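The values are calculated or read from the model by the stated rules, or taken from the named source; none is laboratory data. The shown structure was predicted, so the numbers you read here are calculated from the model rather than taken from an experiment. Methodologically, a virtual Cβ is constructed for each residue, glycine included, from the backbone with ideal geometry; neighbour enumeration extends over all protein chains shown.
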């Protein structure tokens, strides 16, 4: 059952989560986001993981009218394929760059080598972008690696850290606090405010991790 | 041209931020007290969202190297231009060589220095606001340091009386005995226990020292509890969101907050009251009051109308000033 919650007077959060992550629901979230972005009353849409935040100017727009629009667009949205590119992320795994590899391996009941292979084996999909500039929530993580986030976040995780947490994979686009577990490090620049296209990854992109040569 | 005479890691250039870059994961950013920045800009006949300096570290001193009209708004802090004491929410023209000094606020927490034309720093992702976490915007993506020199965008000279002019009713800052914050229920509001919902509204929460442009942590005697465990997928969050992490003490997301999060949300502070929270000092009590969405919309529309009326009144008065 899809729920629509208030996020202040000028925001609505559509929550379509129903049990485990659904790829079909996520495609409908993106389609809803694309459609709403064409509406003049909509300020912005922020797709999350099986949910969508919509903002508008409550001075001009009646929240109940926006709620109606959101529900209509969501109901009519189809789970279309989106144009997808494949981005390959080279990673140095373990050692000083992957301080949680041993912990994750123990959690998964695998060797460190098997853990790395499990992380590299899947093709991930960019489900959502956010938290910090250029951070992507990647779906498709091997279920054995779905370790919960740390109870208390590290105050400093370095830019380029290749991380997993709460069933998702990600890469740190800047040095920041994080509660995710660190498997390795990449040199790839995920976000640069001065590039014409600041974020490296787009919604729907496919991501593969490989060992850095 | 102005020169910053006092350094700090907290005083930054801010405008209205980057609401359209949130989908990239970029914080909305912008002035924590948007109304105070707006008032300063209106006094100088600037665009309402022109970039100014948000000051949270005092004393703050700046020297004017050219004749410059400026305004000081926001917190009630003793302000002097050389030896001349300036009233609250005041605009005046400085002569070359004069120094403006702002001392620690008697009420409120942040002051805004706006300058005729607005500060001339390169816009990044559509705004001049400093994003300290991202390291871009403002001056080189950082807080202002001693010796920094800043210019303003070109604007015609503003005629004003030698002693300046100001607002008869400065924008309100919270009284020392507590800040009343109006909120709307958020997504997980109903999952909190009835006792916790009562506590949320009845308790005097204290603003902890862990309060910055990203978030304000509050502390209360009783932790807020959920009636059943929740595991939420990451979702978009806006400034004003009141999150409750497992420890049960609320964190209010402020202008530089992360754009996505995963903690349960009990409420959202309405936009006009978020500025009041930003003017609340560490250790002061904070009270929450839940209102309806209709009430919130009415308050927001009233504030927008008031600002429009003020802009028109200032424009009319400026033509009638006797020089």
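Overview of values
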| read-out | value |
| --- | --- |
| Residue within segment B:241-249 that is more than 16 Å from residue B:207 (Cα to Cα), more than 7 Å from every other protein chain (Cβ to nearest Cβ) and at pLDDT 95 or above present | no |
| Test result for residue B:47, within 14 Å of chain A (Cβ to nearest Cβ), surrounded by fewer than 21 Cβ atoms within 10 Å (Cβ to Cβ) and within 27 Å of residue B:312 (Cα to Cα) | no |
| Matching residues in segment A:107-147 - criterion: being assigned to a loop (DSSP other than H, G, I, E, B) and more than 9 Å from every other protein chain (Cβ to nearest Cβ) | A:109, A:110, A:111, A:122, A:123, A:140, A:141, A:142, A:146, A:147 |
| Any hit, segment B:1-13, residues being modelled with pLDDT of 95 or more, assigned to a loop (DSSP other than H, G, I, E, B), within 14 Å of another protein chain (Cβ to nearest Cβ) and at negative phi | no |
| Any hit, segment B:257-273, residues being more than 12 Å from every other protein chain (Cβ to nearest Cβ) and out of contact with any helix residue (DSSP H, G or I) (no Cβ under 7 Å at 6 or more places or on another chain) | no |
| Yes/no for residue B:184 being touching a helix residue (DSSP H, G or I) at 6+ places or on another chain (Cβ under 8 Å) and over 30 Å from residue B:131 (Cβ atoms) | no |
| Test: residue in segment A:167-186 that is modelled with pLDDT under 95, more than 24 Å from residue B:135 (Cβ to Cβ) and not in a helix (DSSP H, G or I) | yes |
| Residue B:124 vs. criteria within 14 Å of another protein chain (Cβ to nearest Cβ) and over 18 Å from the mean Cα position of the chain (by Cα) | yes |
| Qualifying residue in segment B:222-236 (condition: in contact with a helix residue (DSSP H, G or I) (Cβ under 6 Å, 6 or more places away or on another chain), in a strand (DSSP E or B) and free of Cβ contacts under 8 Å to residues at least 60 places away in the same chain) | yes |
| Residue match in segment B:274-290 (condition: within 13 Å of chain A (Cβ to nearest Cβ), surrounded by fewer than 23 Cβ atoms within 10 Å (Cβ to Cβ), in contact with a helix residue (DSSP H, G or I) (Cβ under 7 Å, 6 or more places away or on another chain) and within 30 Å of residue A:149 (Cα to Cα)) | no |
| Odd one out for residue B:114, checked against (1) under 13 Å from residue B:50 (Cα atoms); (2) out of contact with any helix residue (DSSP H, G or I) (no Cβ under 7 Å at 6 or more places or on another chain); (3) surrounded by 21 or more Cβ atoms within 10 Å (Cβ to Cβ) | (2) |
| Which numbered condition residue B:230 misses (of (1) buried (at least 18 other Cβ atoms within 10 Å of the Cβ); (2) within 14 Å of chain A (Cβ to nearest Cβ)) | (1) |
| Candidates A:55, A:75 - the one that is within 14 Å of chain B (Cβ to nearest Cβ) and more than 16 Å from the chain's Cα centre (by Cα) | A:55 |
| Elements of type strands (runs of 3 or more DSSP E) in segment B:250-295, at least 2 residues being in contact (Cβ under 8 Å) with a residue 40 or more places away in the chain | B:265-269, B:285-290 |
| Criterion violated by residue A:37 - all others in (1) in contact with a strand residue (DSSP E or B) (Cβ under 9 Å, 6 or more places away or on another chain); (2) farther than 18 Å from residue B:24 by Cα; (3) within 14 Å of chain B (Cβ to nearest Cβ) satisfied | (2) |
| Positions within segment A:186-204 being under 18 Å from the mean Cα position of the chain (by Cα) and more than 14 Å from chain B (Cβ to nearest Cβ), in sequence order | A:186, A:188 |
| Subset tally (residues that are crowded, with 21+ Cβ neighbours inside 10 Å and more than 19 Å from the chain's Cα centre (by Cα)) for segment B:173-222 | 6 |
| Residue satisfying condition, being farther than 28 Å from residue A:26 by Cα, in the same structural domain as residue B:281 (by TED's automatic domain parsing) and touching a strand residue (DSSP E or B) at 6+ places or on another chain (Cβ under 8 Å), within set B:253, B:221, B:249 | B:249 |
| Some residue of segment A:65-79 being at positive phi, in a loop (DSSP other than H, G, I, E, B) and surrounded by 16 or more Cβ atoms within 10 Å (Cβ to Cβ) | no |
| Only listed residue being more than 14 Å from chain A (Cβ to nearest Cβ), closer than 24 Å to residue B:29 by Cβ and under 20 Å from the mean Cα position of the chain (by Cα), chosen from B:150, B:102, B:167 | B:102 |
| Residues of segment A:16-34 that turn out to be buried (at least 18 other Cβ atoms within 10 Å of the Cβ) and farther than 21 Å from residue A:170 by Cβ, as a count | 4 |
